[in-house]
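Notes for the one structure printed next.
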Ligand code: NAD
């Protein structure tokens, strides 16, 4: 694959915990290697926190909360804008770090950086609106005055995965800070480097000590300690559905609030009237962006039978020609998978697909040599009860089936325990809207790539999510609602 180690960084990388405004060592000295997925070399070792460090960080966040919650929306907006400008100034460095640690092509990492900036700017604007006078609620009583006030939830734990490290963090962190919450962030043990650099930017932005803390480490130790800590009011988690279930159970012991962004098994529905070029772009983009390591991967293609042969032929050609390689090399469309466990999981799914009798149209080779590279793979005519049709693979594996009627397509697309996203490709406008309405998914794109604007919403139905991120929903996830009903002043 000719991937190279990238000694792009002449500044030392951050490897310590960030607690109470200081970079610090964990209580028990342990380190974890962070691996470059393109070469399997260790980039650097980071310090690993444990329950004692979580306790220290949560207590710092709890102390900081008393003053932070009293700040005005405009003051918090100022900090959020300073973070956005800091990310902007360090954009190329952050993008390179993301590609080095996660393996995605540098062009994709730049998109991530742009998303982070847009998210902080959006929540800065929303924070500004929080200073508006409380609106009175119309009630059927002249003797009372009712207002609704929104207050920050408290200390919140943010736990994120490795596929879009900075983005999943920004979608939680920006609204949490905007709302007036204080935060303990746990990055993925596979990709802590972008988050630690983001922490340095946040430090530069001058947030009061304790408002933002980062504890690196494993899910079993740091994650579990955060979800049970008595001073944590809410856990906002993005990751697998299996771990989401554990987080929910752990949080239930102390009735903490949870927001969960979990797995998916999403469909792209292509009708016979679709623009074929557009359909090919949308299918390959939806399945292979970030090497298919997307909760929103539209890895199930449902194509109306008259178009099936043409679409499959075009897809097979495109998939076979995908340029997989060094994320920093120009022209590369797909980097390696992010870690060894994921690489092995994808290989197992490909083997199961073959065993289940699906026709393998393009075989994803795993090239010899270092790095977790897998060529994209495409199956057609899968039985709907096969594992690769039903389970989240989280890798570059595309599964195609044909359908005969609109109802058929909707029923097959909805026949999953997940419900994160879907895409519809058709020239028939009313049909696009009708099908979007019938799909059980939190986001539906019609004839569009997977654009996500911070002003909108993110999250899904069924086992994909609890709650919503982005837009005003993302802010509300970190707010308590308080009603104040006052008897009218006596005249
Ligand atoms: P994961 O569930 O293994 O880990 C996610 C995070 O949880 C990591 O930081 C991990 O250390 C931590 N963790 C692990 N065990 C824990 C525990 N017992 N208690 C608390 N925290 C714990 O997920 P992953 O492999 O990092 O990410 C891939 C998954 O994330 C996929 O299923 C994908 O669909 C999902 N995802 C969802 C969205 C979304 O918006 N819905 C976005 C990105 C990724």
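The table below lists the values:
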{"quantity": "Contour minus Cα-Cα distance for residue 370 and residue 407 (0.36 nm per residue)", "calculated": "8.7 nm"}
{"quantity": "Highest average packing first - 134-141, 374-381, 264-271, 21-28, Cβ atoms within 10 Å", "calculated": "264-271, 374-381, 21-28, 134-141"}
{"quantity": "Computed FRET value (nearest 0.05) for residue 276 with residue 384, which takes r as the C-beta separation and R₀ as 22 Å", "calculated": "0.30"}
{"quantity": "For the stretch 334-439: span of alpha carbons on each principal axis (Å, largest first)", "calculated": "50, 27, 25"}
{"quantity": "For peptides 440-449, 49-58, sequence by mean Cβ density within 10 Å, most packed first", "calculated": "49-58, 440-449"}
{"quantity": "FRET efficiency for residue 252 and residue 391, using Cβ-Cβ distance with R0 set to 22 Å, rounded to 0.05", "calculated": "0.25"}
{"quantity": "The stretch 131-178, Rg to Rh (Cα coordinates; Rh as Kirkwood inverse mean 1/r)", "calculated": "1.26"}
{"quantity": "Values of log10 I(q)/I(0), in the order q = 0.06 Å⁻¹, for the chain under a Debye, Cα-only, solvent-free model", "calculated": "-0.28"}
{"quantity": "Hull-based mean projected area of the stretch 267-452, where the convex hull spans the alpha carbons, in square nanometres", "calculated": "10.1 nm²"}
{"quantity": "Rg/Rh ratio calculated on Cα atoms of the stretch 7-96 (Kirkwood radius)", "calculated": "1.05"}
{"quantity": "Ordering of 95-102, 351-358, 421-428 by packing [mean C-beta count within 10 Å, highest first]", "calculated": "95-102, 421-428, 351-358"}
{"quantity": "Estimated FRET transfer efficiency when R0 is 45 angstrom, pair residue 147-residue 451 (beta carbons, to 0.05)", "calculated": "0.75"}
{"quantity": "Largest-first ellipsoid semi-axes for the stretch 266-351, taking √(5λ) over the Cα gyration tensor eigenvalues, angstrom", "calculated": "25, 15, 11"}
{"quantity": "Cα Rg over Rh - the stretch 194-260, Kirkwood", "calculated": "1.02"}
{"quantity": "Share antiparallel - DSSP beta bridges, the stretch 267-452, percent rounded to 5", "calculated": "10 percent"}
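Bear in mind that the values in this text are calculations on the coordinates, not laboratory data. This structure is a prediction, so every number in the text was calculated from the model and none was measured. When we count neighbours, we look across all protein chains shown, and the Cβ atoms used for this are built from the backbone with ideal geometry, even at glycine.
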